[in-house]
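Okay, structure first, notes after.
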Amino acid sequence: MTDASFTIVPLSPAVGAEIRGIDLARDLDQAEIAAIKQAWHRHLVLLFRDQILSPARLVAFSRSFGDLDIAPPNENGQRFVPDYPEILVISNVIENGIAIGSLGAGEAAWHTDMSYLERPPLGSALFALEVPASGGETGFANMYRALETLPAALRSEIEGKAIKHDSSTNSAGYLREGAQAVDDVTCSPGARHLIIRIHSETGRPALYLGRRANAYVDGLPLARSEALLDALWSHATGPEMTWHHRWKPGDLVLWDNRCVVHRRAAFDPALRRIMHRTQIASQNDL
């Protein structure tokens, strides 16, 4: 598909499209932003290759989609992009004995960013500065499709139910700053969100699963909650729902946290990976 200023190329039957022929380092006009938003709502994940973005330009582009959240500190309680508190550094690099970013080099399990908040971010943008030649791929899964293809009995069981989204650990399994390890998931800290949620802009229903670790289906016996969550995650992250991106420096990927979950493959910790992430703040309660 071709817009007046760029080309949209789908990346898989399930989710994702590449936007070609656009330079995100310049100021985009309103028509271009509107066309990008339309493509985003259609494909859920957008890839922009060969971008050269300073922190200022990454923040400016991200603000085209709404206000930005202030990034949480990394596991050391620090931030590493001076003057740009909106940017979270995701990296395994250690300099002078200090990790310059979050999440290390291990696997990051399937998740939706910061679903433990009452008002989680509606979208995220991740920009690749340095990446290893292999490993560290990011997978995305379409939660519209996951709900549409959910077996009828399973869908009936989750209607009206909510998941409590644990806030104690991040997607790589690290305890968040000041958090305590969870012994009983029925009492873990975090927000509750309906399992079937309506997207605030498209009006379409989607699964909203957050992350599997320490999740709990509110009000169910623990054994039934565990079995139900296992069934939902197994279905929602099957190959027919997903696309996996192999990163190159200069890639920017924009995804919609309201209808997508994502994960990261592990990579060799001896290799450098430095990414900058921004988060688009919730505009309402969805």
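Can you pull out the residues in segment 1-17 that are touching an Asp or Glu at 6+ places or on another chain (Cβ under 9 Å) and modelled with pLDDT of 95 or more? Scanning segment 1-17 gives 7, 8, 9, 10, 11, 13, 14.
For the residues 122, 88, 126, 103, the requirement of being more than 30 Å from residue 27 (Cβ to Cβ) and not hydroxyl-bearing (Ser, Thr, Tyr) singles out 103. Per the listing 50, 83, 69, the residue uniquely in contact with a helix residue (DSSP H, G or I) (Cβ under 8 Å, 6 or more places away or on another chain), of a type in the set (Asp, Glu) and over 30 Å from residue 230 (Cα atoms) is 83.
Scanning segment 52-71 for residues that are of a type outside the set (Ser, Thr, Tyr), part of a loop (DSSP other than H, G, I, E, B) and within 22 Å of residue 130 (Cβ to Cβ) yields 52, 53, 71. The condition of being in contact with a helix residue (DSSP H, G or I) (Cβ under 7 Å, 6 or more places away or on another chain) and touching a residue at least 60 places away in the same chain (Cβ under 8 Å) holds for only one of 92, 142, that being 142. When segment 119-136 is filtered for residues that are in a loop (DSSP other than H, G, I, E, B) and under 24 Å from residue 270 (Cα atoms), the ones remaining, listed by number, are 131, 132, 133, 134, 135, 136. For residue 243, are the conditions met, namely being open to solvent by 20 Å² or more (accessible area, probe 1.4 Å), among the aromatic types (Phe, Trp, Tyr) and either closer than 16 Å to residue 107 by Cβ or not in a loop (DSSP other than H, G, I, E, B) (or both)? It is true that residue 243 is open to solvent by 20 Å² or more (accessible area, probe 1.4 Å), among the aromatic types (Phe, Trp, Tyr) and either closer than 16 Å to residue 107 by Cβ or not in a loop (DSSP other than H, G, I, E, B) (or both).
Residues being open to solvent by 20 Å² or more (accessible area, probe 1.4 Å), closer than 27 Å to residue 164 by Cα and either at pLDDT 95 or above or not small (Gly, Ala, Ser) (or both) are represented in segment 119-130 by at least one member.
Kindly check whether there is at least one residue in segment 38-46 that is over 18 Å from the mean Cα position of the chain (by Cα) and part of a loop (DSSP other than H, G, I, E, B).
No, segment 38-46 contains no residue that is over 18 Å from the mean Cα position of the chain (by Cα) and part of a loop (DSSP other than H, G, I, E, B).
On the stretch given as segment 12-37, residues that are more than 19 Å from residue 258 (Cβ to Cβ) and in a strand (DSSP E or B) total 3. Note on segment 148-170: residues that are within 18 Å of the chain's Cα centre (by Cα) and farther than 18 Å from residue 213 by Cβ amount to 0. Residues of segment 64-93 that are over 17 Å from residue 124 (Cβ atoms) and open to solvent by less than 30 Å² (accessible area, probe 1.4 Å): 92, 93. Give the number of residues within segment 211-245 that are within 16 Å of the chain's Cα centre (by Cα), at pLDDT 95 or above and of a type outside the set (Phe, Trp, Tyr). Residues that pass the stated criteria total 6.
A single member of 20, 26, 49, 57 is basic (Lys, Arg), in contact with an Asp or Glu (Cβ under 9 Å, 6 or more places away or on another chain) and over 20 Å from residue 202 (Cβ atoms), and it is 49.
Taken together, 253, 261 contain a single residue that is part of a strand (DSSP E or B), open to solvent by less than 20 Å² (accessible area, probe 1.4 Å) and in contact with a helix residue (DSSP H, G or I) (Cβ under 7 Å, 6 or more places away or on another chain), which is 261. Residues in segment 94-118 that are outside any loop (DSSP other than H, G, I, E, B), more than 14 Å from the chain's Cα centre (by Cα) and surrounded by 17 or more Cβ atoms within 10 Å (Cβ to Cβ): 99, 102.
Annotation for segment 51-61: no member residue is open to solvent by less than 70 Å² (accessible area, probe 1.4 Å) and farther than 28 Å from residue 85 by Cβ.
The values are calculated or read from the model by the stated rules, or taken from the named source; none is laboratory data. Owing to the predicted nature of the structure, the values given are computational and were not obtained by experimental measurement. Positions of Cβ are backbone-derived with ideal geometry, glycine not excepted, and every protein chain shown enters the neighbour counts. Remember, those area values only see protein heavy atoms, side chains included, never the ligands or the DNA or RNA. Shrake-Rupley method; radii C 1.70, N 1.55, O 1.52, S 1.80 Å.
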